[in-house]
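Below is one structure, written out as structure tokens; comments come after it.
The values are calculated or read from the model by the stated rules, or taken from the named source; none is laboratory data. Keep in mind that what you see is a predicted model, and the values were worked out from it rather than measured. A quick note on method: Cβ atoms are made from the backbone with ideal geometry, for glycine too, and the neighbour counts reach across all protein chains shown. Areas reflect the complete protein model, heavy atoms only, side chains present, ligands, DNA and RNA absent. Shrake-Rupley method; radii C 1.70, N 1.55, O 1.52, S 1.80 Å.
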Amino acid sequence: MDIETTIRALTGRGFAVQHFATAAEAADYLDGAIDGTTVGIGGSKTIDQLGLYDRLAEHNTVWWHWRTPGFATLDNALTAPVYLSSANAISEDGEILNIDGTGNRTASLMFGHKKVYIVAGTNKICPDFESALYRARNVAAVQNCRRFPDKNTPCKIDGKCHDCRSRDRICNALEVLWGPMNRMETEIVLIDGDYGM
């Protein structure tokens, strides 16, 4: 994994990039940059690990379905001026991959916000698109499915994607960002180390 190559590739594609050595530094940066607004958060272990909900909620209105479940929360998050998410994988060439089951996260990374922050540990960086796709399907998606005790999919058993047709499948869409969507500022916040799934 070459972080400098990845940063150059991301900025070359039009993404703004911030790089931090620690999660605390990244959390301080985001807490300072996002103030007095409404924030939506997608399902993200990385955001959870950084403790961003509690910090941002002190001086913003924050909608996160992990804290307040329900479609009303998803709807409010979808229309917030600022949105936070993570990535399942990032290629060294600057491609950002996410797999989603409901579509709230992938929809928000493509449309509807003034600014999007994608917060990810450097563990998400992969050498190329093929390895990033493999990571998204066989690492991130499998770990995500294992969070749900009521889901019964083949990947929970052997740890690899079967492109199954299970009714419990939570991998219904693959999104690849090759650049920021038109008229939506997108900033990548990279943190040295292992964060998220």
Tell me which trypsin sites (Lys or Arg not before Pro) from segment 65-142 have a DSSP coil assignment and no more than 14 other beta carbons within 10 Å of their own.
ARG67, LYS114
So how far apart, in nm, are the two label points at SER131 and ALA72 if each is 7 Å from Cα heading toward Cβ?
4.7
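Classify the chain as rounded, prolate or oblate, taking a ≥ b ≥ c as the square roots of the eigenvalues of its Cα gyration tensor: rounded when a/c is under 1.5, otherwise prolate if a/b is larger than b/c and oblate if not. Write out the running numbers ahead of the final one.
On the way: a/c = 1.58, a/b = 1.14, b/c = 1.39.
It is oblate, given that a/c is not under 1.5 and a/b is not larger than b/c.
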Probe 1.4 Å, all chains present, heavy atoms only: THR153 accessible area in Å², nearest 10, is 10
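Pairs LYS45/LYS114; LYS115/LYS156; LYS45/LYS115; LYS115/LYS160: which are spaced more than 32 Å apart, C-alpha to C-alpha? Each step should come with its number before you reach the end.
On the way: LYS45/LYS114 23 Å; LYS115/LYS156 35 Å; LYS45/LYS115 20 Å; LYS115/LYS160 34 Å.
From the list (LYS45/LYS114; LYS115/LYS156; LYS45/LYS115; LYS115/LYS160), the Cα-Cα distance tops 32 Å for LYS115/LYS156; LYS115/LYS160.
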Helix-derived mean residue ellipticity, 222 nm - over the chain, DSSP H n ≥ 4, -39500 (n - 2.57), to 500
-8000 deg cm²/dmol
State the percentage of accessible surface on segment 55-154 attributable to carbon and sulfur atoms; use a 1.4 Å probe and exclude ligands, DNA and RNA.
55
Under 8 Å for C-alpha pairs, at least 6 residues apart: give me the relative contact order for the chain, rounded to a whole percent.
30
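Heavy atoms only, probe 1.4 Å: what % of the accessible area of segment 1-41 goes to carbon and sulfur, would you let me know? Before the final figure, lay out the partial values.
Details: 900 of 1910 Å².
C and S fraction of accessible area: 47 percent.
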Using a 1.4 angstrom probe, figure out how much accessible area the chain has per residue, in square angstrom, rounded to the nearest whole.
47
